[in-house]
Each structure stands twice: as C-alpha cells, then as structure tokens.
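The values are calculated or read from the model by the stated rules, or taken from the named source; none is laboratory data. Everything numeric in this text was worked out from a predicted model, so none of it was measured. Here the Cβ positions follow ideal geometry from the backbone for every residue, glycine too, while neighbour counts run over all protein chains shown.
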Amino acid sequence: MHVLIIGGTGNISRAIVKSLLKRGHRVTVYNRGQRIDQPPPEVEVITGDRRDREQFESTLAARQFDVAIDMISFTAADAQSTLNALPNVGHIIQCSTVMTYGPPFSGLYQDTDAPLNGRHDGGYGAGKVAADELLLGQMAKGGVPVTIAKPSFTFGPSHPLFRQVDWGSDWLDRLKKRKPIIEAAEGLNYFQFLASADAGEAFAALCGLPAAHGKVVHVVNPAAMTWHEWHAMAANALGVPLETVSVPWDILVAADASRFSALTTCLGHNQVFSARSLHELVPDWAPKVPLQQAVNETIEWLQRHDNIENSDNNPLEDRIIAAMRQIKGTF
C-alpha cells in the first residue's frame, strides 16, 4: 500500500513510519520539515503547511494514496480540508484522543461508547470531537471509509516527558539535581502510558483494514499505573532517588493557574480506557516495549538534544515545597 501521513515526524508519527516501512509499504509524509529527526531516506517528503489549506488541498488532490493517516487534524475544519485534499483515498485514519471523553470521565476502563464529555472543554477535546464526528458522518453518507484512533499518553524519543502536575520538562532537571518534585495528592491517580513504538504498530496494523472502517479504536496500554510509579521510572532512568512532596491539586492551581491548569483538565484525574476495540481488530497487538526502556530512551534523547529546562529558572516549585514542609512541621 501507499500510505500518506499528514505529519510524519512527530512522536507517534515517526513510529508509524517505521512500522509501515517494516511491513513493506510505500510511505509519503506531508509536513513543514521543522523537526530535528528527519524521516528515513526511503520516505517521500512533501514540504508544506496544512494550515495553508489551498496549497495543502491542491498538492494532495493531484496524488493517489491507498491510506491517509492524519496526525495533525484538530478541528472540523481540518478534517474537512483533509477530505477536500483526498477525495479518492481508500481509507482515512484520524488520530484523535481519549480526551474526547472528558473530564469529567464516567468511570474506569471506559469503552468507545463512553460519553464524549470532552466536547464541552472549549478547546482540544471539543475540536477533536467535532473532527471525528464530521469524518464519521460523511462516511455514513457513503463517503470515504474512516477509522478514529484514540491514543492515551504516548511518548518516546523526540517528545517531552511530561509529569503529573504540568507540561514542563524542568522536573527532570530537578531529579538530576536531586531536588524533590511535587506530586498532586501523592501521585496516586491512574494513567495509561504507551511507548510510541507500540502505538506505531497499532496504527500500521489498522491501515487498509476493512473491519476498521467506521470504528473508533482506543490505542492504549491495557495496563494502568500511578503517576508516582511513572515519576519513579524517570528517577530510575537518571540513576537518582525519587523524593516527592504531596500537595493538594487545588492549592497548586491557586498558586499558578496557568502552569498547573492541566490538573483541572486531565492530569489530575484517573484516566483508564479499555483496549477491547483494538484487540478485536488486531488480536495479536500488545505493548512490547518495556515502559522503563522507553523512558530511558526518551530521557537520553532529551539530554542529547539539550531539551530539558533548567529548574533554577523557576523557583515556584521550591517555594511551594518549602511552604508545605513548614505547614507539616507546624502540625
């Protein structure tokens, strides 16, 4: 098959390219060409910005692909633009997100029929819900076959390694310097962490699969773990002890609503989703990359490219930790 990836050099995209090439498929990517890690030489690269809709649509409409995987479609307008660009493609796989389900989340091990509470978040989740619904709606009217793939927390080399309380990387610098890090409510809420290599295998297996047409598929690690366990993996990769200070998440948001806003949208909640939808279509799929290995490789990449922020530039975490210790000492 000839597979187009709109994106192709990001976190999951790079793994998809590798998996497709391993299967003997022809691969073309469409992106701005701004990533450090470029695609393998056998991959055709079309340089362009999908936000320039006229160029994006006219360039791709002149080509023929068996499958298109859209990794950078965030709104209904993006999804419609992809349809405009690829009227004759055999199969579109839309990279969506489990954030379409919330928060609030209706329970643990939610399946694909869970309420789409993310449509009310006014941003990322809402945009993805709209894009997914547009694509599925046009298929229901006889349009292009579509699969909606919803990854959870997926990571690997070339991608930041996030923690529980914010989207920064300076927590890794704190660990390296043997400084304590903040956890919200002892880091005991559950998440699903998946190595990008395993996500790439799932996406590649769905390409051109007739049984996947019209389906929503969770690309998630069947096993969940706590954020505290995740932080311990990072400390282990750096060869340092893990020291944490627990802070109620609402206090963190009050201290800096911008920095810790992710606690209110996703990171402060239990997020565990069923992998049944993927196993039904690809029964032999299972995570094969040990999470500790993937964490080691990701941190090595971040250090090699000097992509870890200096924690000394933001003293807020030290002040919060000092205040919490003072309060505990008082009592």
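From the list L116, L60, which residue is among the aliphatic types (A, V, I, L, M) and closer than 24 Å to R276 by Cβ?
Numbers: L60 fails: closer than 24 Å to R276 by Cβ.
When all the criteria are applied, what remains is L116.
One residue is enough: does region 247-257 have a residue meeting the conditions among the charged types (D, E, K, R), under 22 Å from the mean Cα position of the chain (by Cα) and on the phi < 0 side of the Ramachandran plot? Before the answer, list the steps.
Pass one, region 247-257, residues among the charged types (D, E, K, R): 250, 256.
Then keep just the ones that are under 22 Å from the mean Cα position of the chain (by Cα); that gives none.
No; the residues of region 247-257 include none that is among the charged types (D, E, K, R), under 22 Å from the mean Cα position of the chain (by Cα) and on the phi < 0 side of the Ramachandran plot.
Would you mention how many residues in region 154-182 are part of a strand (DSSP E or B) and either over 21 Å from the mean Cα position of the chain (by Cα) or without any contact (Cβ under 8 Å) to a residue 60 or more places away in the chain (or both)? Show your work before the answer.
As a first pass, look at region 154-182 and keep what is part of a strand (DSSP E or B): 154-155, 181-182.
Still in the list and also either over 21 Å from the mean Cα position of the chain (by Cα) or without any contact (Cβ under 8 Å) to a residue 60 or more places away in the chain (or both): 181-182.
Count: 2.
For E317, indicate whether it is within 21 Å of the chain's Cα centre (by Cα) and not β-branched (V, I, T).
Working: within 21 Å of the chain's Cα centre (by Cα): no; not β-branched (V, I, T): yes.
It is false that E317 is within 21 Å of the chain's Cα centre (by Cα) and not β-branched (V, I, T).
List every residue pair whose Cβ atoms lie under 6 Å apart, where the two residues are 6 or more positions apart in sequence or sit on different chains, the first residue falls within region 128-148 and is of a type in the set (D, E), and the second residue, located anywhere, is outside any helix (DSSP H, G or I).
Matching pairs, first to second residue: D132/S96; D132/I148.
Select from region 258-282 the residues that are touching a residue at least 12 places away in the same chain (Cβ under 8 Å), within 21 Å of Y101 (Cα to Cα) and more than 20 Å from the chain's Cα centre (by Cα) and list them in ascending order.
Those that are touching a residue at least 12 places away in the same chain (Cβ under 8 Å), within 21 Å of Y101 (Cα to Cα) and more than 20 Å from the chain's Cα centre (by Cα): none in region 258-282.
Which numbered condition trips up A185, out of (1) modelled with pLDDT of 95 or more; (2) over 16 Å from the mean Cα position of the chain (by Cα); (3) not assigned by TED's automatic domain parsing to the domain that holds R23?
Only one criterion is unmet by A185, namely (1).
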